[in-house]
Amino acid sequence: MNENVEIPMLINDLIITSKHLRLGEEAQASKHLRMCLDKLETLISTDMGKSRIASLLPQMLSAHERSDWLSLADYLEFEIPDILTNIS
């Protein structure tokens, strides 16, 4: 996979997922979230941003467990794309 192509696609997928969360479309958001996490795991396996993203995962999981969709959407739309942009 070409990392230069994958990161913008992943960022787009993260933003789409966050929009589903903000609209209360939990089923759609869950489907997209799983795909995003799979792509994210593949992309960050060798990147320096790995520790920054890994540090957000417990907070994201906590937001998910609390059904705090707006906080989770913020991580997906702002925090992770910012990290990905800086490591690409």
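The values are calculated or read from the model by the stated rules, or taken from the named source; none is laboratory data. Being a predicted model, the structure only gives us computed values, none of them experimental. Using ideal geometry, Cβ is built from the backbone for each residue, glycine included, and neighbour counts are taken over all protein chains shown. To get the accessible areas, we keep the full protein, side chains included, count just its heavy atoms, and leave off ligands, DNA and RNA. Shrake-Rupley method; radii C 1.70, N 1.55, O 1.52, S 1.80 Å.
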- prompt: Exactly one of (1) within 15 Å of Ile83 (Cβ to Cβ); (2) not in a helix (DSSP H, G or I) is unmet by Gly24. Its number?
  reply: (1)
message: Given the criteria crowded, with 19+ Cβ neighbours inside 10 Å and under 12 Å from the mean Cα position of the chain (by Cα), does Leu72 qualify?
response: yes
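To keep it simple, each residue is scored yes or no on (1) closer than 17 Å to Pro8 by Cα; (2) assigned to a loop (DSSP other than H, G, I, E, B); (3) open to solvent by 80 Å² or more (accessible area, probe 1.4 Å); (4) without any contact (Cβ under 8 Å) to a residue 60 or more places away in the chain.
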| position | (1), (2), (3), (4) |
| --- | --- |
| Ile53 | yes, no, no, yes |
| Gln59 | no, no, yes, yes |
| Leu76 | yes, no, no, no |
| Glu79 | yes, no, yes, yes |
field: First in region 1-19 and at pLDDT below 95, second anywhere and of a type in the set (Lys, Arg), Cβ under 6 Å, 6 or more apart
entry: Leu10/Lys39
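Residues are listed down the side, and each one gets a yes or a no for (1) aromatic (Phe, Trp, Tyr); (2) out of contact with any helix residue (DSSP H, G or I) (no Cβ under 8 Å at 6 or more places or on another chain); (3) modelled with pLDDT under 95:
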| position | (1), (2), (3) |
| --- | --- |
| Ala29 | no, no, no |
| Lys50 | no, no, yes |
| Leu57 | no, yes, yes |
| Leu61 | no, yes, yes |
| Trp69 | yes, no, no |
| Leu76 | no, no, no |
message: Name the single residue that is surrounded by the most Cβ atoms within 10 Å (Cβ to Cβ) among those in region 37-48 being out of contact with any Leu (no Cβ under 7 Å at 6 or more places or on another chain) and at pLDDT below 85.
response: Ile44
